[in-house]
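The values are calculated or read from the model by the stated rules, or taken from the named source; none is laboratory data. Not measured: the values here are computed from a predicted model. All Cβ positions, even for glycine, are placed from backbone atoms using ideal geometry, and neighbour counts span all protein chains on display. To get the accessible areas, we keep the full protein, side chains included, count just its heavy atoms, and leave off ligands, DNA and RNA. Shrake-Rupley method; radii C 1.70, N 1.55, O 1.52, S 1.80 Å.
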Amino acid sequence: MATDHKNTLSRDELWRVELRKAKKNKERTDIPRVRMNELDAAYRSRNNEEVNLGLTGAQARLEASRCLDCPSPSCITGCPVGVQIPAFIKYIETGRFLDAAKTLKETSALPAVCGRVCPQEKQCEAQCIHLKMKKEPVAIGYLERFAADYERESGQMSVPTVASPNGTRIAVIGSGPAGLSFAGDMAKRGYEVTVFEALHEIGGVLKYGIPEFRLPNRIVDVEIDILSRMGVTFVNNCIIGKTLTYEDLRADGFKGIFAAGGAGLPNFMNIPGENLIGVMSSNEYLTRVNLMDAANPESDTPVLTGRRVAVIGGGNTAMDSVRTARRLGAERAIIVYRRSQEEMPARLEEVKHAREEGVEFLTLHNPIEYLGDDKGRVRQMRLQKMALGEPDASGRRRPVVIEGEIETIDVDAVIVSVGVSPNPLIPGTFSGLEVTPRGAVAVDETTLRTALPDVYAGGDIVRGGATVILAMGDGRRAAAAMDAAIKTNV
Amino acid sequence: MVKLEVEAPLIARSRKAGHFVIVKLGEKGERIPLTIAGADTEKGIITLVIQAVGNSSRKICGLNEGDVITDLVGPLGQATHVSKVGTVVCAGGGVGVAPLLPIVEAFHQAGNRVIVVLAARSKELIILEEQMRASSDEVVIMTDDGSYGTKGLVTDGVESILIREKTDLCVTIGPAVMMKFVSALTMKYKIPTVASLNTIMVDGTGMCGACRVTVGGKTRFVCVDGPEFDAHQVDFDEMLMRLGAYNTK
Ligand SMILES: Cc1cc2nc3c(=O)[nH]c(=O)nc-3n(C[C@H](O)[C@H](O)[C@H](O)COP(=O)(O)OP(=O)(O)OC[C@H]3O[C@@H](n4cnc5c(N)ncnc54)[C@H](O)[C@@H]3O)c2cc1C
Ligand code: FES
């Protein structure tokens with residue numbers, strides 16, 4: 001089976017050799033990069049519909065033909081999980097879309113998700129040969145999304161074959177991308193997998209964090225449904241460490257545990273006025289809107305909406321918050337970021353979309369104080385102007401204070417989006433688990449095994465706020481390592 | 001005020017005095033925190049006592065026998081730190097009386113002299129008096145209108161004890177204003193005091209910060225660091241203000 005697939009993914013396959021010959025490289029590189037079909041900015045900034053509409057089959061095939069099918073494809077080295085990029089793209093070029101989807105699934109558990117949320121411009125696309133020729137890279141992310149969506153919409157989505165049950169019970173803590181991909185891989189190997197989730201919804205950040213307009217819930221639900229059909233059991237409203245302890249899981253016969261609880265703890269800046277009404281974490285804001293559907297009048301959960309909303313930070317979470325604020329009716333929705341746009345960690349596409357939707361960017365500004373009214377509601381914020389100094393440890397230029405330059409602006413809601421820390425709940429209740437000084441769970445770098453031999457960990461709980469693809473890759477690596485350990489009894 | 005017995009064997013087994021749960025009713029329901037008032041491990045049930053104040057609590061109070069609670073998660077928060085300290089005054093008002101009961105029981109079992117002060121507007125609103133009597137050395141009843149016990153506020157009841165005998169610890173649960181005044185009183189008498197805070201919450205697992213309060217000048221999350229804190233360090237004014245976040249003027 002495995003060798004079979006290797007063959008079909010090889011660029012020496014006859015069909016691929018011929019496909020390469022069918023067009024000259026010059027012709028391929030001359031084709032301009034496809035533009036994503038998207039909703040009009042004025043329209044979409046007032047509703048929750050998915051902004052990107054995807055490519056048509058014809059667009060996808062043309063874009064796929066831009067790929068040169070390089071002999072040593074550097075794009076793969078840019079992908080944290082090593083997706084067979086040229087292989088799936090060439091399948092698209094020939095119109096074998098389902099084969100393209102299958103190829104993606106060899107390495108990525110959630111291609112429809114990754115095609116939507118991966119920072120491709122920093123990963124695969126950053127390594128594309130086209131860049132060396134001063135051309136725009138192949139739209140690998142769009143193509144990934146296309147193949148995954150095509151498969152889902154074709155109704156021919158395959159449930160992966162599952163090995164015959166081996167009777168070994170495995171517990172997964174958390175149902176974000178790390179937990180889901182681990183569960184899928186272990187189920188395929190015949191394990192009896194149970195996923196425990198603290199919240200009432202399965203999906204982790206994919207559900208409570210990333211908004212509908214960027215990643216519709218139905219896409220995530222399809223993946224969860226497939227896992228259920230593979231025999232994975234989901235238990236919601238169950239906090240490991242509280243409802244059930246590590247000892248309970250062991251007593252219940254779980255032979256391996258994968259801790260994928262994410263990095264749920266929101267950071268605040270500890271500046272005066274941060275506890276005023278209207279100042280909240282992006283986790284609170286996005287959870288209210290995404291998980292609790294607070295913007296829907298039928299929902300019992302309220303959310304504070306403001307006319308002038310400031311979002312502090314420059315990451316994806318900040319972009320999601322500020323674009324959500326626009327959708328909830330903010331007249332002014334402002335990103336306040338202490339560095340310049342160049343250092344922003346958010347995906348380029350998010351920044352572009354936010355701008356198009358009328359979001360204002362106040363870069364090189366850092367909040368130092370919030371001021372409220374007599375009811376304790378935030379009304380203004382004081383901002384320190386910054387300049388860029390020498391590069392810091394992250395390689396980005398360090399923001400430095402411009403003495404005396406302070407500005408005050410009017411706001412009625414502030415969303416603090418300055419990062420998250422690993423949730424201390426799991427380390428705090430698993431005695432013997434080791435943590436790093438930052439509070440992350442410490443693991444062996446290759447096996448992802450923790451100090452407790454039957455506990456593995458991956459995703460944001462190990463990395464701090466990272467990415468979906470890294471979390472997913474961790475899930476797959478941990479599954480392989482745990483499987484090997486169980487089989488060889490070490 | 002309504003008392004619910006809810007089937008939740010896992011929570012019943014692992015909960016301790018001071019823990020709470022998050023309850024959500026229906027697809028569009030809100031997640032609201034409720035302190036666990038008691039549990040029966042054998043039967044696998046927990047007891048919740050709810051006062052109908054807002055939309056969500058009214059819905060929960062409207063549940064009938066046999067109805068299902070869509071989502072229930074817990075036990076959450078840190079359990080009460082129970083030890084033998086000597087004489088403990090437990091002051092409860094409103095719905096705070098229900099979660100106070102397991103704490104009273106725990107301190108009593110630990111060998112403390114426990115004096116309970118129960119306060120309400122009038123006689124009909126005094127709850128759990130019998131159970132409190134069974135697990136304490138004395139129960140002092142205070143009503144606003146004097147229809148039962150002594151006429152006066154919870155603080156009057158507490159003060160009468162502090163004047164009368166040496167007290168080692170005070171535990172208070174009730175409306176934020178009440179706890180604020182109890183705390184101010186015990187501060188005057190230099191009695192260590194623990195308050196169980198009932199802030200607005202969303203997830204209850206430390207993920208959002210909706211529940212944050214200032215304790216000793218530092219921001220803490222009530223759902224994971226609390227719900228009990230050293231009352232004398234709590235910024236009750238800020239907490240009261242934050243409780244008004246969703247009151248439309
Ligand atoms: C708003 C937002 C936007 C983002 N945008 C992007 C993006 O565009 N691209 C990208 O690559 N990444 C993005 N990220 C980051 C990405 O979502 C995370 O890196 C990824 O989800 C981490 O996956 P995980 O499985 O480790 O954890 P999570 O997705 O956080 O899932 C962890 C789950 O575990 C549950 N849990 C925690 N503790 C327990 C316990 N004790 N018992 C049971 N369950 C528990 C939690 O409730 C949660 O559901 C974004 C993050 C946010 C918040
Ligand atoms: S309720 Fe969300 S952090 Fe406490």
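With respect to A:Asp252, is the statement that it is over 18 Å from the mean Cα position of the chain (by Cα) and either modelled with pLDDT of 95 or more or within 13 Å of chain B (Cβ to nearest Cβ) (or both) true? Spelling it out, A:Asp252 is indeed over 18 Å from the mean Cα position of the chain (by Cα) and either modelled with pLDDT of 95 or more or within 13 Å of chain B (Cβ to nearest Cβ) (or both). Listed by position, the helices (runs of 4 or more DSSP H) inside region A:20-137 whose residues that are open to solvent by 70 Å² or more (accessible area, probe 1.4 Å) number at least 2 are A:25-30, A:41-44, A:57-64, A:97-107, A:129-132. Scan region B:35-51 for residues that are within 14 Å of chain A (Cβ to nearest Cβ) and either under 16 Å from the mean Cα position of the chain (by Cα) or of a type in the set (Lys, Arg) (or both) and jot them down. The answer is B:Ile36, B:Ala39, B:Ile46. Quick check on A:Leu452: is it over 28 Å from A:Gly209 (Cα atoms) and either aliphatic (A, V, I, L, M) or open to solvent by less than 10 Å² (accessible area, probe 1.4 Å) (or both)? When the stated conditions are applied, A:Leu452 passes them. Would you check if A:Asn270 is within 14 Å of another protein chain (Cβ to nearest Cβ) and touching a Gly at 6+ places or on another chain (Cβ under 8 Å)? No: the conditions fail for A:Asn270. Criterion applied to A:Leu286, A:Leu227 was being open to solvent by less than 10 Å² (accessible area, probe 1.4 Å) and in a helix (DSSP H, G or I), and the one residue passing it is A:Leu286.
Out of region A:230-245, which residues are in a loop (DSSP other than H, G, I, E, B) and either within 16 Å of ligand 2 (Cβ to nearest atom) or within 12 Å of chain B (Cβ to nearest Cβ) (or both)? If the condition is that a residue be in a loop (DSSP other than H, G, I, E, B) and either within 16 Å of ligand 2 (Cβ to nearest atom) or within 12 Å of chain B (Cβ to nearest Cβ) (or both), then A:Asn236, A:Asn237, A:Cys238, A:Ile239, A:Gly241, A:Lys242, A:Thr243, A:Thr245 are the ones that fit.
Those residues that are within 15 Å of ligand 1 (Cβ to nearest atom) and either in contact (Cβ under 8 Å) with a residue 24 or more places away in the chain or more than 11 Å from chain B (Cβ to nearest Cβ) (or both), I need them from region A:277-302; list them, please. Within region A:277-302, A:Met280, A:Ser281, A:Ser282, A:Asn283, A:Tyr285, A:Leu286, A:Thr287, A:Val289, A:Asn290, A:Leu291 qualify.
When A:Thr168, A:Thr161, A:Thr245 are checked against the criterion of being hydroxyl-bearing (Ser, Thr, Tyr) and closer than 21 Å to A:Lys105 by Cβ, A:Thr161 stands alone in meeting it.
One line per residue, one yes/no per condition, for (1) more than 30 Å from A:His200 (Cα to Cα); (2) in contact with a strand residue (DSSP E or B) (Cβ under 7 Å, 6 or more places away or on another chain):
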site: B:Met132; (1), (2): yes, yes
site: B:Ser136; (1), (2): yes, yes
site: B:Tyr148; (1), (2): yes, yes
site: B:Glu159; (1), (2): yes, no
site: B:Leu169; (1), (2): yes, yes
site: B:Gly204; (1), (2): no, yes
site: B:Gly209; (1), (2): no, yes
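Among the residues of region B:208-217, is there at least one that is out of contact with any Gly (no Cβ under 9 Å at 6 or more places or on another chain), more than 14 Å from ligand 2 (Cβ to nearest atom) and at pLDDT below 95? Yes - at least one qualifying residue is present in region B:208-217. Would you pick out the residues in region B:218-235 that are more than 7 Å from ligand 2 (Cβ to nearest atom) and in contact (Cβ under 8 Å) with a residue 40 or more places away in the chain? Within region B:218-235, B:Asp225, B:Gly226, B:Pro227, B:Glu228, B:Ala231, B:His232, B:Val234 qualify.
Just one of the numbered conditions (1) out of contact with any Asp or Glu (no Cβ under 6 Å at 6 or more places or on another chain); (2) open to solvent by 20 Å² or more (accessible area, probe 1.4 Å) is not true of A:His200: (1).
Listed here are the residues, each with its yes/no results for (1) under 26 Å from A:Leu470 (Cβ atoms); (2) aliphatic (A, V, I, L, M).
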position: A:Lys23; (1), (2): no, no
position: A:Pro32; (1), (2): no, no
position: A:Ala42; (1), (2): no, yes
position: A:Gly57; (1), (2): no, no
position: A:Asp99; (1), (2): no, no
position: A:Leu104; (1), (2): yes, yes
position: A:Leu110; (1), (2): yes, yes
position: A:Gly115; (1), (2): yes, no
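For region A:255-266, the candidate set comprises residues that are part of a strand (DSSP E or B) and either crowded, with 21+ Cβ neighbours inside 10 Å or within 12 Å of another protein chain (Cβ to nearest Cβ) (or both); within that set, the residue that is modelled with the lowest pLDDT is A:Leu265. When the residues of region A:209-224 are filtered to those that are open to solvent by 30 Å² or more (accessible area, probe 1.4 Å) and within 15 Å of the chain's Cα centre (by Cα), the one that is farthest from ligand 1 (Cβ to nearest atom) is A:Asn217.
Report, by residue number, each residue of region A:304-325 that is more than 9 Å from every other protein chain (Cβ to nearest Cβ), farther than 19 Å from A:Gly264 by Cα and not basic (Lys, Arg). Matches in region A:304-325: A:Thr305, A:Gly306, A:Val309, A:Ala310, A:Val322, A:Thr324, A:Ala325. For A:Thr233, the conditions (1) in the same structural domain as A:Gly475 (by TED's automatic domain parsing); (2) more than 25 Å from A:Ala484 (Cβ to Cβ); (3) within 25 Å of the chain's Cα centre (by Cα); (4) at pLDDT 95 or above all hold with the exception of (2).
Listed here are the residues, each with its yes/no results for (1) surrounded by fewer than 24 Cβ atoms within 10 Å (Cβ to Cβ); (2) in a loop (DSSP other than H, G, I, E, B).
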| residue | (1), (2) |
| --- | --- |
| A:Glu247 | yes, no |
| A:Phe268 | yes, yes |
| A:Asn275 | yes, yes |
| A:Met280 | no, no |
| A:Asp293 | yes, yes |
| A:Pro302 | yes, yes |
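Only one entry in A:Gly306, A:Gly358, A:Gly315 is of a type outside the set (S, T, N, Q), buried (at least 19 other Cβ atoms within 10 Å of the Cβ), touching a residue at least 40 places away in the same chain (Cβ under 8 Å) and away from ligand 1 (no atom under 16 Å from the Cβ), namely A:Gly306. Residues considered: A:Leu215, A:Leu227. Of these, the only one that is touching a Lys or Arg at 6+ places or on another chain (Cβ under 6 Å) and more than 10 Å from chain B (Cβ to nearest Cβ) is A:Leu215. Within region B:108-137, the set of residues being among the acidic types (Asp, Glu) and touching a residue at least 24 places away in the same chain (Cβ under 8 Å) comprises B:Asp137 only. Annotation: B:Glu238 fulfils all but one of (1) touching a residue at least 40 places away in the same chain (Cβ under 8 Å); (2) within 16 Å of ligand 2 (Cβ to nearest atom); the unmet one is (1).
Restricting attention to region A:162-197, and to residues there that are of a type in the set (S, T, N, Q) and open to solvent by 20 Å² or more (accessible area, probe 1.4 Å), which single residue is farthest from ligand 1 (Cβ to nearest atom)? This residue is A:Ser164. For region B:52-70, residues that are touching a strand residue (DSSP E or B) at 6+ places or on another chain (Cβ under 8 Å), surrounded by fewer than 18 Cβ atoms within 10 Å (Cβ to Cβ) and facing another protein chain (nearest Cβ under 9 Å) total 1. Residues of region B:195-235 that are among the charged types (D, E, K, R) and facing another protein chain (nearest Cβ under 8 Å): B:Asp203, B:Arg212.
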